[in-house]
Structure formats: structure tokens, C-alpha cells
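Here is the structure we will look at.
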Amino acid sequence: MKKILLTLCVFGAILSTQAQTTVAINSSGEHVINPNIYGHFAEHLGRCIYGGFYVGEDNQVIPNVAGVRTDVIEALKDLKVPVLRWPGGCFADTYHWMDGIGPKDQRPSIVNQWWGGYIEDNSYGTHDFLNMCEAIGAEPYLAGNVGSGLVKELADWVQYVNHPGGSPMSDLRIENGRKDPWNVKYWGVGNEMWGCGGNMKPEFYANLYRQYATFMTDWSNSSRLFRIASGANEWDFNWTEVLMRDIPNHMIEGVALHNYAVIEWSDKGSDTEFTTDQYFQTMVDAIDMEELVTRHSAIMDKYDPEKKIALVVDEWGGWYDTPKGQSALYQQNTMRDAMIAGITLNIFHNHADRVRMANLAQTVNVLQAVILTDEEKMLLTPTYHVMKMYNVHQSATMLPVEISDMLYFENGEDKLPAISASASQTESGEANISLVNIHPEKSHEVTLELGLNGKITGQILSSGKLQDYNSFDNPTKITPKEFKEFKKKGNKVTVKLPAYSVVVLNVK
Ligand code: AHR
């Protein structure tokens, strides 16, 4: 691999407050950025599945394939979604997969106890989800029911979707119209077992995990199961410690972690009308991801020094109060969310050795969605655009970044690093550099020192106000634009990075 030495100097736009930040990137990168960190999550919650993905086979108004919206499939294909987690979330530990197979008019209904108590008619089930993943080109990640299910139930689900044929469950699948197995690789063994999954203690769950994992069989050669243990909530390091200590390494391929950017659980604030102070608090939580993955990884290192087990951040994103009259956990998506996406993905890149899957919560109409729908209308959010600009990093080798002389976003006595960066190099030798400036007011001049010659092109996501968003009346208000605000001089490139902007540069 070619060596690149990149130095990035950031200057405050205002000379009197000029700050210079240097980011050195050593390009002898070892770790490939797993595309699965660009994963998503879809739960039976609010309008994520019903109305978001699925509008029913009989729908004559909204174009669909087998009931799944064509516009959503196309948008997710374009985004290069690598993996999609389903059916929850908290819903997963109430879900009995057999309710969602067979003739739709004969499926039993259940109460969705976590998300408003509405009647779930199970019209969207295993076949719908797995066929949809094929249409999108994403690997499915099924979250099994440990909290209220049975070992046999999960073992049977694995057999139903993965056994080639000639077994009770595979014959049932064939009877239900699907001859070939889907070969599902990624399996969650419960969700949030410390909370909605059963309020368990880690020691109890670790034993339960061992029991469930024992009966999950690899039925096909093509998909060795990748079993993911329900992981810690944010700062619960003891949870990770106990799982790593009590579950033998050969029985586990991934340990999860959940972290949302929330101002205050009892008062999360508006999705679109927020103060600078609230914005600062959201950024504090988003940047916490750095410390969280560092510390959970350090615990994993003790038990798995070869880093065979992945840290899977299978729920992350911003969480605000649901606007009145909206479906459960619906929220708009502003430039604040673009900042969360940009810095979080940079953190995941920079921890590519251990963080090998992540799933943004959630894909459509719920929390930090990449897509919003309103009947036949659909729009792409700023978060969608950041993920699309960034997907050039998928499968590239991460180039470690060292930032010094940081510029800060100050809020009273508190301050946060304003600049976030990550870089990677593709197999063909191109470099991609992602830069985020979360500062709410200051633009900055950024000087890159590159040890690589080549043509530089760029894209930027920015807007007039931090609170701006794409609405159904103006769905393309915020879209990536060509970025030309840089000058190359020798091996230095000076870049003008506006306040609250995300920039991706490509060096070819
Ligand atoms: O994403 C919404 C909910 O947040 C999920 O169902 C749960 O796992 C988490 O608490």
C-alpha cells in the first residue's frame, strides 16, 4: 500500500480566535473498514415497517414489490446498505416468528406491548423481510427472541431460513413458497436483556446465551452463523466484562453495545427547535461514542486479544421527543443529525479493528431515520446524505488519524472538540478523507498536507441553519453539493470548512 502522510491544519476563520489543528494520518493502515458499520435497523415500531417499508400487496397507489415500497428499496440500494437488523429492538423479545409465516389471512395477531399496544397483524413476516433484503442487496440480521421465546423456537427459526431442504422446518418454508434457503448469517441472541429483553443480570444472561447459542446450528456451508450477544447499555462496562468472561470465545462472534445521543431521557427536546445549549448536549452524547467503544473494546481485549469477536453497535443515533400527532418515535432530521452521523461514522472508522458492525436506529420514520415517508411521498434526510457521501470508506483500509491542537466548540465552561476526521485508502490507492466541523458558528480553514499526488474532488453537506431539514414541501433543501473551496499548493491543500458541515474529499 502506498504511504500517505497527511497533515491537516485547521484555522479559525476569525483571526483573533484563530486556532490551528493538525491531523496527521499515517497510512500504513492495517484494518479494513467493515462495510457492516453502515448497517441499519428496522423494528415493528411506529411507521417503520407498516407505512415505511411495507404498504401491502394490494396497495394500488404506492408502487411496491410484494407490498414493499419501490422508492424505499431503490433509495436503500443506492445507499449501499450492507446489513439490516429486524424485527427489533424491544419488539424482538415479544416476537414469535411462526406468527408471521403462511397465508396472511390466517396469521394470528398480537399486541405490540412496547410500542403503543397496537394490534400487530403479522402481515409482514420472515419471508417479507428476507426477500426485501435480497431486493435491497443487504445481509439480513435477525434478532432472536430470548426474553419470552424458547430455545427450540430460535433453533427452529435458524432451521427454517437456512436448512437446504428435507427437514421439518425447511419443508415448511418450501410449502410457504420459498425453495432456497436464505442462508442468514447474522443472529442476535436477544435484545437489551438488561431491560426490555427481560431485566436480567449479566451472569444470568451469559448462561442463557450459552444455552441458546448451543442449539443454533449452521445448516449450510455458505453461512457460518455469526451470533451476537445482547450488549451493554452505554456505560455498563460490567455487562461486557461478564459476557466476555463467562461466554467461551468459540461460542460468540459479536457483542453488542447501544448508545443514543439523548439530552435527557425525561426531556429529550424538540427534533427541530433546539438551542445552542441543547445542540451542545447532543454533541456531548454523540462524541461519548469514542470513549464508549474505547473502553468496551479494552475489556474485550483482555479476553480476546486477537480481536476475533466484533463489537457491534447495533443501535445508535439521536433521539428527541416525538412531535405531537406523529407516530411512535417519529422525528425530523436536521443538520444536527448530519453532525451525529458524520462524527459517529468517523469514530467507527477509527476503531475499525474492533467495531465491525453498527446499525443506525432506525431506517424509516423512526428516530434518526435516513428516509421519511408520508403516504405516497418519500424524502431522504441529511443523515441519508452523510451516509451516502461516506460510503466510499466501505471496505477501504483505515488510515489512523492523530489530531493535535484541537479547535473547540465552547459552551459556558464546557467545551468539545469541533473537528472530527477519518481517512481510508481503497485497494486502487485512492484516499478518502471525511471532515466534520460541528461548530455552530465558526467556519475554519483546513490545511491538508498530503503525501499523495492526485486530483482532488470534494462533496459537502451544509445548510443555512443548523435546524434546517428536508420537508415534504421542500425535500431537496439539503443535498450534497460539489465542494470546490480548496486550494492545492505543493503537498498542501487549504480547505474552507464551513460551520456545521460535513465534507468528503477524494484524492485520486
Ligand atoms: O430503537 C428503539 C428502541 O431503543 C429499541 O427497541 C430498543 O432496543 C432501544 O431501547
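The values are calculated or read from the model by the stated rules, or taken from the named source; none is laboratory data. Owing to the predicted nature of the structure, the values given are computational and were not obtained by experimental measurement. With ideal geometry, Cβ positions are generated from the backbone for all residues, glycine too; neighbour counts draw on all protein chains shown. With ligands, DNA and RNA removed, areas are computed over all heavy atoms of the protein, side chains included. Shrake-Rupley method; radii C 1.70, N 1.55, O 1.52, S 1.80 Å.
As a test of reading the structure, rank 455, 104, 481 by solvent-accessible area (1.4 Å probe, protein chains only), most first.
455, 481, 104
Considering only protein heavy atoms and a 1.4 Å probe, what is the carbon-and-sulfur percentage of the accessible area of region 255-381?
Heavy-atom surface of region 255-381 belonging to carbon and sulfur, 1.4 Å probe: 47 percent.
In nm, give the distance between the simple-model label positions of residue 473 and residue 267, each being 7 Å from the Cα along the Cα-to-Cβ direction.
3.0 nm
Based on the Cβ-Cβ distance from residue 80 to residue 233, what FRET efficiency comes out when R0 is 25 Å, to the nearest 0.05?
Efficiency, rounded to the nearest 0.05: 0.25.
From the backbone phi of region 357-370, what are the Karplus-calculated ³J(HN,Hα) couplings (6.51 cos²θ - 1.76 cosθ + 1.60, θ = phi - 60°) in whole Hz, Gly and Pro given as x?
Each residue's phi maps through the Karplus curve to give 7, 8, 9, 5, 9, 10, 5, 10, 6, 9, 6, 7, 6, 8 Hz.
Any idea which of 281, 297, 263 is furthest toward the positive side of the dipole for region 214-308, if Lys and Arg beta-carbons carry +1 and Asp and Glu beta-carbons -1?
The Cα lying farthest towards the positive end belongs to 297.
Dipole of region 444-493, Cα-centred, from +1 at each Lys and Arg C-beta and -1 at each Asp and Glu C-beta, to the nearest 20 debye?
280 debye
Just how far, in whole angstrom, is region 225-288 from region 25-50 if you go by their alpha carbon centroids?
15 Å
By per-residue mean of other Cβ atoms within 10 Å, what is the highest-first order of 292-304, 421-433?
In descending order of packing, they fall as 421-433, 292-304.
In whole Hz and in residue order, list the ³J(HN,Hα) couplings for region 156-166 that follow from phi through the Karplus curve 6.51 cos²θ - 1.76 cosθ + 1.60, θ = phi - 60°; x for Gly and Pro.
Taking θ as phi minus 60°, the curve returns 5, 5, 4, 5, 4, 8, 10, 6, x, x, x Hz for region 156-166.
So how much accessible area does residue 74 have, in Å² to the nearest 10, using a 1.4 Å probe?
The accessible area comes out at roughly 90 Å².
Expressed in nm to one decimal, what extension gain is obtained for the pair residue 413 and residue 220 from 0.36 nm per residue of sequence separation less their Cα-Cα distance?
In short, 63.7 nm is gained.
Quick check: the angle from helix 126-136's long axis to the longest principal axis of the chain, C-alpha only, nearest 10 degrees?
Here the helix axis deviates by roughly 30 degrees.
Could you work out what % of the accessible surface of region 84-133 is carbon and sulfur, using a 1.4 angstrom probe and leaving DNA, RNA and ligands out of the count?
That share works out to 57 percent.
Which residues' amide hydrogens lie under 5 Å from the amide hydrogen of residue 318, considering only partners 5 or more residues apart or on another chain, with H built in the peptide plane?
When sequence neighbours closer than 5 places are left aside, the close amide H contacts are 261, 368.
So how do 444-450, 149-155 stack up, highest first, on mean other-Cβ count within 10 Å?
Ranking the peptides 444-450, 149-155 by packing returns 444-450, 149-155.
P(r) of region 403-508 in 5 Å steps, Cα pairs, percent per bin?
2, 11, 20, 21, 18, 13, 9, 5, 1, 0
In whole angstrom, note down how far apart the Cα centers of region 440-460 and region 159-197 are.
47 Å
Under 5 Å between amide H atoms, partner at least 5 residues away or on a different chain: which partners does residue 22 have, H built in plane at 1.01 Å?
Close amide H contacts, sequence-distant or interchain: 10, 404, 405.
So between residue 204 and residue 275, what do we pick up on full extension, going 0.36 nm a residue minus the alpha carbon distance?
Going from the current span to full extension adds 21.3 nm.
Counting Lys +1, Arg +1, Asp -1, Glu -1, what net charge surrounds residue 473 among other residues with beta carbon under 11 Å of its beta carbon?
In short, +1.
What order do you get for 348-354, 305-311, 392-398 when each peptide is scored by the mean count of other beta carbon atoms within 10 Å, highest first?
The packing order, highest mean first, is 348-354, 392-398, 305-311.
Where does each of 344, 217 land when they are ordered by accessible area, with a 1.4 Å probe and the largest first?
Largest to smallest exposure gives the sequence 217, 344.
Taking only Cα atoms, what is the 0 to 90° angle, nearest 10, from helix 237-246's long axis to the longest principal axis of the chain?
50 degrees
Let me cross-check residue 220: its accessible surface, 1.4 Å probe, with only protein heavy atoms counted, in Å² to the nearest 10?
Accessible area of residue 220: about 20 Å².
Residue 113 to residue 377: FRET efficiency via 1/(1 + (r/R0)^6), r the Cβ-Cβ distance, R0 22 Å, to the nearest 0.05?
Computed FRET efficiency for residue 113 and residue 377 comes out at 0.10.
Accessible area per residue for region 339-480 in Å², computed with a 1.4 Å probe and the full protein assembly in place, what is it?
34 Å²
For residue 302 and residue 171, compute 0.36 nm times the residue count separating them, minus their Cα-Cα distance, and round to one decimal in nm.
Net length gain for the segment: 42.8 nm.
Too long at a 32 Å Cα-Cα cut-off: which of 388/496; 201/302; 308/481; 308/455; 302/455; 77/152?
Cα-Cα > 32 Å for 308/481; 308/455; 302/455; 77/152; rest within.
Going by a ≥ b ≥ c, the root eigenvalues of the Cα gyration tensor, does region 76-193 fall in the rounded group (a/c under 1.5), the prolate group (a/b larger than b/c) or the oblate group?
The shape class here is rounded.
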